[in-house]
Amino acid sequence: MNPAVPYTVSEIAEEARRSRDMGASVIHLHVREDDGRPTQDKERFRDCMEAIRELCPDLIILPSTGGAVGMSAGERLQPTELMPEIATLDCGTFNFGDEVFENTIPMLKTFCNRMKQNGIKPECEVFEKGHIDTALSLQRKGYMVAPMQFNIVLGVPGAANADVRTLVFMADSLPKDATWCATGVGKTQFELAAAAIVMGGNVRVGFEDNLYLGKGVLADSNGRLVEKAATIAKILGREIASPAEARAILNLASRPA
Ligand code: ZN
């Protein structure tokens, strides 16, 4: 749907560099085969992470454990074997377009245990309020430690809409010591980013969620989307964190890079 979506290892590393150059401090990473098929293959992740580190040694790399809808838990967990500082944890089962994105409580417990063993901080991906409640319940039972990091993802067809009222409600439902960012899917990407910036949250933008810079204008790189988000932040008086500052904000500073 956008020819600029990176497939190969070098294309992915170049996209990370473009994003870093425009202000990104964290790269959320999915990988693909050279022909574009999504994969959770550990060796492909290893190659991509090494290539990114070569171009941008200081970037925080946040691999996906969501993969693509329909992948098994074992398949999805592969990147956790590479000991990233942080990785995604999808906090509930929900409709994802015409499909079901399965994240049962037993699966969540397995994912949490693996991340705990490997010293990986979970970023809790929450697509509706119940996912926050599920994550907090797991934290109370010892599956995760505070302070927690959340990504409030709104606008997936089948889950909560991307509107400011929902964002405020969900951000208000987080523990006081938690950090969070917002992700608007599709054409809401920058509206939701602006709202999160005003509220004091952090922001995710990029091709996973949105391919357009504006109405009918395909972005020619992830860097262009980061540039737009950084410009909105600066206009609204928020500073852009360096990777070192982001490590401190996300409480990753004591973890091995
Ligand atoms: Zn993702």
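The values are calculated or read from the model by the stated rules, or taken from the named source; none is laboratory data. Only a predicted model underlies this, so the values are computations on that prediction, with no experimental measurement involved. For neighbour counting, all protein chains shown are included, and Cβ atoms are generated from backbone atoms with ideal geometry for every residue, glycine included.
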Check on Pro147, in a loop (DSSP other than H, G, I, E, B), modelled with pLDDT of 95 or more, surrounded by fewer than 18 Cβ atoms within 10 Å (Cβ to Cβ) and out of contact with any Cys (no Cβ under 8 Å at 6 or more places or on another chain): yes
Filter result (of a type in the set (Val, Ile, Thr) and within 13 Å of the ligand (Cβ to nearest atom)) within region 87-99: Thr88
Every residue from region 164-191 that is farther than 18 Å from Ser137 by Cα and without any contact (Cβ under 8 Å) to a residue 12 or more places away in the chain: Arg165
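Output the residues belonging to region 23-41 that are of a type outside the set (A, V, I, L, M) and within 15 Å of the ligand (Cβ to nearest atom). Walk me through how you get there before you give the answer.
Step one: list which residues in region 23-41 are of a type outside the set (A, V, I, L, M), which gives 23, 25, 28, 30, 32-41.
Selection gives His28, His30, Arg32, Pro38, Thr39, Gln40.
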Inter-residue pairs, beta-carbon under 8 Å, first under 17 Å from Phe101 (Cβ atoms) and touching a residue at least 24 places away in the same chain (Cβ under 8 Å) and in region 59-86, second among the acidic types (Asp, Glu) and not in a loop (DSSP other than H, G, I, E, B), 6+ apart: Thr65/Asp90; Gly66/Asp90; Gly66/Glu125; Gly67/Glu75; Val69/Glu99; Gly70/Glu99
Among (1) within 25 Å of Ile152 (Cα to Cα); (2) within 16 Å of the ligand (Cβ to nearest atom); (3) more than 15 Å from the chain's Cα centre (by Cα); (4) in a helix (DSSP H, G or I), the one test that Arg44 misses: (1)
Residue that is farthest from Glu15 (Cα to Cα), among those in region 42-71 that are loosely packed, with under 15 Cβ neighbours inside 10 Å and among the acidic types (Asp, Glu): Glu43
Failed condition for Gly237, given (1) in contact with a strand residue (DSSP E or B) (Cβ under 8 Å, 6 or more places away or on another chain); (2) among the small types (Gly, Ala, Ser); (3) assigned to a loop (DSSP other than H, G, I, E, B): (1)
Residue list for region 198-220, restricted to those being surrounded by fewer than 21 Cβ atoms within 10 Å (Cβ to Cβ) and either at positive phi or away from the ligand (no atom under 16 Å from the Cβ) (or both): Val198, Met199, Gly200, Tyr212, Leu213, Gly214, Lys215, Gly216, Val217, Leu218, Asp220
